[in-house]
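The values are calculated or read from the model by the stated rules, or taken from the named source; none is laboratory data. Just so it is clear, the model here is predicted, and its values are computed rather than measured. Because the Cβ atoms are built from the backbone with ideal geometry, glycine has one as well, and the counts that use them run over all protein chains shown. Surface areas here come from the heavy atoms of the whole protein model, side chains and all, with no ligands, DNA or RNA. Shrake-Rupley method; radii C 1.70, N 1.55, O 1.52, S 1.80 Å.
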Amino acid sequence: VGNGPALGVALKIGDGDGNRGGHPVIIEVLRQLGVLNDAALAALQSYRAWKITNHRGLEVGEVRANLKLTSAA
């Protein structure tokens, strides 16, 4: 929206569940590109990262994006 340059992002994640890895990664990409402000990031927090627990309720890991965008040029 607006008069700024167009932006396209393609994403392929091979973890077997496109939502689990896809949501945190695309939100982080948009954050690093400056597309999302603090209010948008706060609203999307439940999609950015979450804890993984086992059947006993013990925390055994987390889902979160870990990437740094670099220029292809």
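Structural remarks
- Electrostatic bookkeeping for Leu67 treats Lys and Arg as +1 and Asp and Glu as -1; over the other residues with beta carbon under 12 Å from its beta carbon, the sum is +2.
- The range 35-51 - phi-based ³J(HN,Hα) in whole Hz, Karplus 6.51/-1.76/1.60, Gly and Pro as x: 7, 9, 8, 4, 5, 5, 4, 5, 5, 9, 3, 5, 9, 7, 6, 7, 7
- Taking 0.36 nm per residue of separation and subtracting the current Cα-Cα distance, fully stretching the chain between Ile26 and Asn66 would add 13.3 nm.
- Bins of 10 Å, starting at 0 and running to the largest distance - Cα pair percent for the range 1-71: 17, 44, 29, 8, 2, 0
- Sum of side-chain charges, Lys51 neighbourhood, beta-carbon under 14 Å (Lys, Arg +1; Asp, Glu -1): +2
- Per residue, in Å², the accessible surface of the chain once ligands and nucleic acids are set aside, probe 1.4 Å: 79
- Accessible-area composition of the chain, carbon plus sulfur, in percent [1.4 Å probe]: 51
- Normalising the average separation of contacting C-alpha pairs (under 8 angstrom, six or more residues apart) by the number of residues puts the relative contact order of the chain at 28 percent.
- Where labels lie 7 Å past Cα in the beta-carbon direction, separation of Leu58 and Ile13 in nm: 2.6
- With a 1.4 Å probe rolled over the protein heavy atoms of all chains, the accessible area of Leu41, Leu58, Leu67 falls in the order Leu58, Leu67, Leu41, largest first.
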